[in-house]
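J.: Take this structure first; my questions come after.
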Amino acid sequence: MLPFLMVIGILFNSCKHEPLVPPQAPAGLNGGGGVEPEPEDTCDPNIIWFEQEVLPIFLTHCTMSGCHGDVSPNDADMVFTSHAGLNSDPNMISDIWEAINEDPDDNDHMPPLVDDLNIPLDQLTPEEIAIIGAWIDQGANNNSCDGGCDMTAITYSGTILPIVQDRCQGSCHAGNNPDGGLDFTTWTDLNAVAADGTLALAIQHQAGAEPMPQSGPALSQCRIDQFLTWIQDGAPNN
């Protein structure tokens, strides 16, 4: 049965963020980001989109070094960073589905309840399992729909930093005493939490990290997908 290892990150300390600035407000009032309002979602809600809904689950839970990522994978034939990797064997998809639905106390259940150091591992949520199941039922297609969300040319300076300025700095991750010692006014600290898995967990409100942002609405799926793409690319300072 396939081994899955989950991304476990450090906890963000709690903090109170400034509320999201309405679209008509001048840029710079909430950290200076001036993030544009979200485009209308034009994707068919009855279709499970691999790139936007399924792949982020595997990237978050399965692709760290030593597991099923591109760097030091557990098995060279089990790299889950692409549709091709998830279909590298005719039985791969059915094996994955069986593993994530095994009884948690069963040795074949994936991800394991604990890692090699006996540290509890984050389990897939019922919602995530349902997404994967629906995607399989629809043919496990390699499909994508950005719904008006710009997923091209994602950069730190042009895409990620404005979101961070708008939603994460303010009185929390900036200033002389940033929360958790994480100063997001520069790339260095943000890159560190991207590399250790904390950022992906926090913005998706998953166990293993404090949900971020803590006040105001969660990031939209578009913004989350942009972050996950940037993280997958190595969180570069570009």
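J.: Assuming a viscosity of 1.002 mPa s and a temperature of 20 °C, what translational diffusion coefficient in µm² per second does Stokes-Einstein assign to segment 50-137, Rh being the Kirkwood radius over Cα pairs?
T.: This corresponds to a translational diffusion coefficient of 160 µm²/s.
J.: Next question, about the same structure. So if R0 is 41 Å, what FRET efficiency would residue 82 and residue 117 give, r being the distance between their Cβ atoms, rounded to the nearest 0.05?
T.: Calculated value: 0.90.
J.: Let me ask something else. For the pair residue 95 and residue 47, what calculated FRET efficiency results from E = 1/(1 + (r/R0)^6), where r is the Cβ-Cβ distance and R0 = 30 Å, to the nearest 0.05?
T.: With R0 = 30 Å, the Cβ-Cβ based efficiency is 0.80.
J.: Starting from segment 67-127, pick out the GluC sites (Glu not before Pro) whose DSSP state is loop and whose Cβ has at most 12 other Cβ atoms within 10 Å.
T.: Answer in residue order: no site qualifies.
J.: With +1 on the Cβ of every Lys and Arg and -1 on the Cβ of every Asp and Glu, and nothing else charged, how large is the dipole of segment 60-185 about its Cα centre, in debye rounded to the nearest 20?
T.: Using Cβ point charges on Lys, Arg, Asp and Glu, segment 60-185 gives about 720 debye.
A short reminder: the numbers here are calculations on the coordinates, not readings from a lab. What you see is a predicted model; the values in this text were computed from it and never measured. Ideal geometry is used to build each Cβ from the backbone, glycine not excepted, and the neighbour counts take in all protein chains shown.
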